[in-house]
Structures are given as C-alpha cells and as structure tokens.
1. Can you pull the one-decimal nm distance between simple spin-label points at S415 and N386, each 7 Å off the Cα toward Cβ?
2. In whole Hz and in residue order, list the ³J(HN,Hα) couplings for the stretch 360-373 that follow from phi through the Karplus curve 6.51 cos²θ - 1.76 cosθ + 1.60, θ = phi - 60°; x for Gly and Pro.
3. Label points 7 Å out from Cα along the Cβ direction at H71 and K338: separation in nm?
4. About the Cα centre of the stretch 41-188, what is the dipole size in debye to 20, counting +1 per Lys and Arg Cβ and -1 per Asp and Glu Cβ, all else neutral?
5. Let a ≥ b ≥ c be the square roots of the eigenvalues of the Cα gyration tensor of the stretch 31-146; is it rounded (a/c under 1.5), or, if not, prolate (a/b larger than b/c) or oblate?
6. Fully extended, how many nm does the chain gain between E171 and R41 (0.36 nm per residue separation, minus their Cα-Cα distance)?
7. Distance cut-off 21 Å, Cα to Cα: go down the list K121/K455; K102/K174; K173/K469; K118/K174 and report the pairs above it.
8. If you average the C-alpha positions of the stretch 374-428 and of the stretch 54-79 separately, how far apart do those two centres end up, in angstrom?
Amino acid sequence: MDSPASGSGETATRVVTRGSVIDSIRGCGLSGMRIDKEELRRRLVMPQYLRFAMRDAIRLQDPTAGEARFHERTDLNVGPPEAPMVVFINARSGGRHGPELKERLLQLIAEEQVFDLKDVKPHEFVQYGLKCLEMLAGIGDSCAKDTRERLRVMVAGGDGTVGWVLGSLGELKKENREPFPPVGIIPLGTGNDLSRSFGWGGSFPFAWKSAVKRSLHRASTGDICRLDSWHILLSMPNGEVVDPPYSLKHTEECSLDEGLEVEGALPEKVTSYEGVFYNYFSIGMDAQVAYGFHHLRNEKPYLAQGPITNKLIYSGYSCAQGWFITPCSSDPSLRGLKNILRLHVKKVNCSEWEQIPVPASVRAIVALNLHSYGSGRNPWGNLKPNYLEKRGFVEAHADDGLLEIFGLKQGWHASFVMVELISAKHIAQAAAIRLEIRGGEWKDAYMQMDGEPWKQPLSKDYSTFVEIKRVPFQSAMISGE
C-alpha cells in the first residue's frame, strides 16, 4: 500500500538532520566578514533629521512632533538610503544573547532605528513613527517619501515577536497606508518556525557578530515573499474568566458566520476576543504542555537560558502532563477531543460549511499555515500526488489561502511525527474553520496560536466557539535565502 508521504521515514529523517546542519552553517554567517561595515551603514541608515523626527513623534506620541526637524535640517540636498531599515528586538529572547545582540545592532545601525520592544511597541512605531514619515512626505519632503516607500523591517525575536510586529504592520492595510514594509527575521526564539520557513535559519548562530551583519545585508537585498494571515474569533459565554495572550484582544463585536447552525441554546451575552496568527492554531494536549512550560519559564526565568535548555524543559513537561499515558485513563482531561468538539470547515473553492468527524484517538488538533511546526518539523508531510488526489487535497503553501488540519494522538505518536518517521493524522484542508466546544466533564481546554498558549474555561450549558478565516490581504516577508 502506498504511503501518503513522498519518501520513507529514513529519508525524511536524513532530510531533517541535513537541514539542521545547513541551518547551523548558514547561520554562522562567515561570509558576513566580507561585508564592509561603513558601506552597510550607508545602505541602511536614514538621514539624521528623519531619525530624530521619528524619535520625537514616538516619544511624544504625536506624528506632527517631528515637523520641526524638517524645517531645522541643514543639508537640503540629503537623499534617502538605498534600503532604510528599522529593527525590533526582543532583548529577553535568545537567553543571554539578547542584550549582546542589541549592542551589536547599535554598532551597525543608528540608535534611533533600533527599537527594544520593552520601550517601543510595534503599534507605537506604526501610529507615530511611520505616520511622521508620511506626514513629512505630505508636506513635500521627497527624502521622507522615498524612505517610507523603501523601508524594510527586521525582527530579532521568536515567532510570537514576529507575529506581534506583523499584526501591527497589518493596520497599515486597514488604513490604506501603502506600501506594507517587508519583514525579515533574526531568530531568537525556541521554535523559530517563521524564520525557518523564509530562509533565516532556525537558531541564533555561534558566530553571531558576523552573522548579524550578514543578516542585515541579506534583509536589504532579499526578494519579497507573501504570507497568509488568519483572523481568529473566540466567543464564550459571558462570565467565563480567561487570561488570553497579548495577540488576542477583547472585542465588542461577535460576528460568527450565520451560515452554520449552532447546536443547542445560545447564551444571552457573550465575551469575545479576536486576533491574527501566521503559523498555527492548536487545541488539546500540545497546547496544555506549552501552557505549563510558559508558566514555569515565567515563574523561574533563570531556567530559560537558551533554545537547548528550553527544549529539554519542554520535553520534560510533555511527560509530566500525561501525554504519554494511555488514553483509557479515567481522567477526562486525558481523553480524546471528540468528547467536547465539533469541527466544521469550508474546503477549497467551496462556500458551504461541512462537518468533519474528529478521530476518537486524537488528543491535539493543529491548523497549520506553514511547512514548519515544532522547531522545523513538517507534520503534514510531503504528500504524493495520488494521495493528494484521493483525499481531495492540494499541495500546501504559505500563501495558498488554506490551512492544513491534522491530529496528534498519544505522546509516542507525536514523537514519531516530530522526527518525521510518520505523518500526522490528516483531517482536512480548509479555507475557514469553526470549532464548537462544550465542556461536560471538561472544565478547561488548552489552546495556543503561534506559540502563545492559554487556558480556556468551558461551560457545561453553552458552547465556546473558535472561528478562523483568512485575512483578505497578505503580509510581505523578506526571503533570507
């Protein structure tokens, strides 16, 4: 019988190992030593009056606060750099390397173009810094106009940080403030799946001083790719207390798709949150493990000294949370999701909702946008054409308008999936997803999006809904290849 994967497990393992080695070699950035520092600065650094204008606008939270710098400039013939760039850095990521990397960036780019996320939030840059450039362009400053149009953004952090910046830049589309600055990545997180997907590597390199210089150079010249983003709406009965991640914001509007009937009665009042993700959303045991790990890291930050340490702790938490215990356990929290979950999807080129049965053995469901999950693994697999045709699937891409939905069973199954000996349990491909969750014996469910987990309280009487639809515009990413 044909395997759905395009190659044997042994071949897949060799590919993963080889890819990791290549990432490490590429990340070392030895060729970065040949990049002249001053030439790089000339390509990236904005004129001083523009840097100071943006700084003033952000500090005073007033886009017009930088106008005085325009009128006070001494060099009236100054031009824009070839590839103006700003860098956001999450200095708390990357273990001990975060502060050192920030110092290195300050040597390579002007101080006003490096934003530590503990001091300047991405939405503040969009609302005040970029708005300042647009304001100056509007009063006839051609240098500001060209700088705004050529601007590129680099993010030094993990997947959550990258998603945060992309979400803030997405506001430009809603406000018709074109163009959308493309984004590159310096990987500082644990999984770094967004970074891997666009050729920026999977880990912070050993020869990091030269690698940073090379990364900035690549970001100034790299091709532009497209990335789908997905809007998530979470609706629950009013009165349930939830502590969502920062990527989910409270909303008064609850516009669930009315084309799908709801099982049972609806509460009189609901509490709703919305947000955007770029890589994955999941519910079940994998999110429960992530939730426990994040809380442990927050309570004992001295344990989080880098990606390797984080992965060891994460593996230990997988065992401690019971993923490797047999599913016949009497504890309801260790049983399959079928007991609490109804899944509906809209398939490719289809406007009607279709209910998809949830396999009884599945204890985690993941909706994946990229080929990379869990530190570079591809659980969906590289599927053969005849299997794709048989299942009604299409080849997966990051900009195809579809999410790949798969299930993970016990910890042993997940382990074999993560080393790519087998593929995950294929459930569906979808252009939209509706999850209806009813508590029963379950008091809580665990969810996560792009590595940010939370505990979701459940009601016995009313359903909680998660609805996922594609955002009508795509994000621009810089290829690191």
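Coordinate-derived values only; no laboratory data. Note that the structure is predicted; figures quoted are calculated from it, not measured. A quick note on method: Cβ atoms are made from the backbone with ideal geometry, for glycine too, and the neighbour counts reach across all protein chains shown.
1. Result for the modelled spin labels: 3.3 nm.
2. Rounded to whole hertz, the list is 4, 7, 7, 10, 8, 10, 10, 10, 10, 9, 9, 7, 10, 8.
3. Each label point is offset 7 Å from its Cα along the Cβ direction, giving 7.3 nm.
4. Working: 22 positive and 21 negative charges, 72 e Å.
Dipole magnitude for the stretch 41-188 comes out near 340 debye.
5. On the way: a/c = 2.61, a/b = 1.34, b/c = 1.95.
Judged from the Cα gyration tensor, the stretch 31-146 comes out oblate (a/c at least 1.5, b/c at or above a/b).
6. Details: separation 130, 0.36 × 130 = 46.80 nm, distance 2.90 nm.
In short, 43.9 nm is gained.
7. Working: K121/K455 25 Å; K102/K174 31 Å; K173/K469 17 Å; K118/K174 26 Å.
With Cα atoms farther than 21 Å apart: K121/K455; K102/K174; K118/K174.
8. 50 Å
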